[in-house]
1. How much net charge surrounds Gln180 when only the other residues with a Cβ under 12 Å from the Cβ of Gln180 are counted, with Lys and Arg +1 and Asp and Glu -1?
2. How big is the C-alpha Rg of the range 74-176 next to the rule-of-thumb value 2.2 N^0.38 Å, as a ratio?
3. Can you tell which of Leu313, Ala337, Gly327 lies farthest toward the positive end of the dipole of the range 278-423, using +1 and -1 charges on the Cβ of basic and acidic side chains (Lys, Arg; Asp, Glu)?
4. How much length would be gained if the chain were fully extended between Gln186 and Ala426, taking 0.36 nm per residue of separation minus their Cα-Cα distance, in nm to one decimal?
5. Using per-residue counts of other Cβ atoms within 10 Å, averaged over each peptide, order 499-509, 229-239 from highest down.
6. At 0.36 nm per residue, minus the direct Cα-Cα distance, what do Ser349 and Leu455 gain on full extension? Give it in nm, one decimal, please.
7. Once you compute Rg and the Kirkwood Rh from C-alpha atoms, what is the Rg to Rh ratio for the range 265-421?
8. Per residue of the range 28-42, in order, report the coupling 6.51 cos²θ - 1.76 cosθ + 1.60 (Karplus, θ = phi - 60°) as ³J(HN,Hα) in whole Hz, putting x for Gly and Pro.
Amino acid sequence: MHKLLERQIRRLLGRAAEKVPASFLDAVSKAYEQADEDRLLLERAMELTSDELLERNDALSHSLSLLQATLEATDDGIVVTDLNRQVKSFNRRVLEMWGSPDEKLDLKDAQARVAQAILGIVEPLDFSRRLDEIYADAGGESYDEITLQNHRILEGFSRPMTHDSEIIGRVWSFKDVTEQRRLEEQIRQSQKMEAVGQLAGGIAHDFNNLLTVISGCCDLSRRKVGSMDPDISKLLNEISKASARASELTSQLLAFSRRAVLKPEALSLDHAVRDVEELLLRLVSENIELTIELDADDCAILADRTRLQQILLNLVINASDAISGTGRIWVRTEKIAVGDDPPFNIRESGDFALLRIQDDGCGMSPEVQERIFDPFFTTKEPGKGTGLGLATVYGIVRQFGGTLHLDSEPGKGSEFVIAFPITDQAVAIPAQEESASSPSGGTILAVEDDHAVRLILGEMLALMDGFTVHLEGSPDEALRHFSGPGQADAHIDLLISDIVMPGMSGFDLARRLSERYPNLKVLFVSGYDPETSTTELHDPRHRAGYLSKPFDSAKLTRKVHQILATSPPYRDQREPIGDSMEPASVNPQHPTVDG
């Protein structure tokens, strides 16, 4: 029995303690001993439980830290809510996406932040109604595209969060897709412009064939009528003027569709602007101040001199039309080095020369900017614009390998920025016109698949004294005619050929004929040329002339005399097709198209 227990009993019972049975005292002693053992076991259990709780708490803290670190590491914005829309967790990225400040937010403040974030959406009421629908369907998933007032675009996805098969809330993830949508829009715009360009080029090509017939018939009729009937002569002159205006429209369409024939050469951008400076000053009215600042270090770009000047004229005229009353127009050039983050729609790194045309006029709304480069779209009054000016600029810039960027806002003016890749080629010196006496005659082979154009071409060539003319409707007919029996002594001084024809291109026809007639000279005519024709025509190895449709007899005569008098024989240094003069099968590079 414990001594302490014995003393306590004797103190409490006094003399009566001696009458307490020893068995009772033994039982009490054992009970105390058991209590001590139980206390020790309990203390030990409490120690173990405390250690386990600490370990579990540490593990939970580590898991929560790892989860938060994971949330912070993702590029998506994450928000966790309960079924009552109370925010339970979020990461820093979601604060950045929604324009929230960078300070630490308590959960109680998160609800106010949610309300403020909703107000930052372009259509906050619509999004609030959408939230009602999402939370009403506790087990459903949602996907929404959200446009913020700061013009950022977010993809929002949410799904239910469960615990022990019970839905306890929702997890939201947000992805910033602004740049992705911008690139998609650029691709869509590029595809649209490409499709419209193909249509415009096809229309212009067919229309040029018709104009060749119209202007040719008008020219031939005027030659025959002469001054015998002034009234008819006057009508023919009006037809000729209308045909010339229509020809200018088709020229603009071809420039937009990138099917115009260009003569690219290394030009100094600064010099090209200086060459038209006086003309630009005459174009703007006296109430508009034109400032020209050239700072491109005279770097060279590959461009067609005439088309580059056309770009300048069109943009300055448009800028002038955008100004009512007094105003200013700036024409600037500069040289920039583009790195990994290209500006102005430039898609590659390198050195670029910029041409910037800025005005402080009325500016353009986003709706107008979306269509500004579409052919025949104009904001001008009827009869004051064709809607082809900026479409032409767009096509020429793309054909130069450049990019075009527009920055405009209603009431704050507009700025067009054109970026041209800089070339290492030396700046070209303008060639002087060669003078030569007209040839006295020769043999001309003319190949044109359009019947009406072929008829007019034959009539025009018939007016040229001293020439023998052979007209053929296809390259196959031409090759058969000049490779058949009895043609061993045949001679051709000049081939006049359309470029795109059924079965074989004009280029391939010229190559085949030049193998048999080494002194052959070539003049290509076309309503438009295929994409490769610019390289083909101006490759010095080919030595071919070019005449755009429509043309009259005077233009044709001058071009024929010039080529026969000054041009060397046609040469093509590509791989030969073969020695045979038999008609070739359809060339897959030049599909069957009306030329």
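Every number in this text was worked out from the coordinates using simple rules, so none of it is lab data. These numbers were taken from a predicted model, which means no experiment stands behind them. Quick reminder, even Gly has a Cβ in these numbers, built from the backbone with ideal geometry, and neighbours come from all protein chains shown.
1. Details: positive: Arg152, Lys175, Arg181, Arg182; negative: Glu145, Glu155, Asp176, Glu179, Glu184, Glu185.
Net of charged neighbours comes to -2.
2. For the range 74-176, the normalised Cα radius of gyration comes out at 1.02.
3. Among Leu313, Ala337, Gly327, the one farthest towards the positive end of the dipole of the range 278-423 is Leu313.
4. Extending this stretch completely gives an extra 83.0 nm.
5. The densest-packed peptide leads the list: 499-509, 229-239.
6. Details: separation 106, 0.36 × 106 = 38.16 nm, distance 5.18 nm.
Taking 0.36 nm per residue and subtracting the Cα distance, the gain is 33.0 nm.
7. With Rg and the Kirkwood Rh in hand, the quotient comes to 0.94.
8. Working through the residues one at a time gives 5, 4, 5, 5, 5, 4, 5, 4, 4, 5, 5, 5, 4, 4, 5 Hz.
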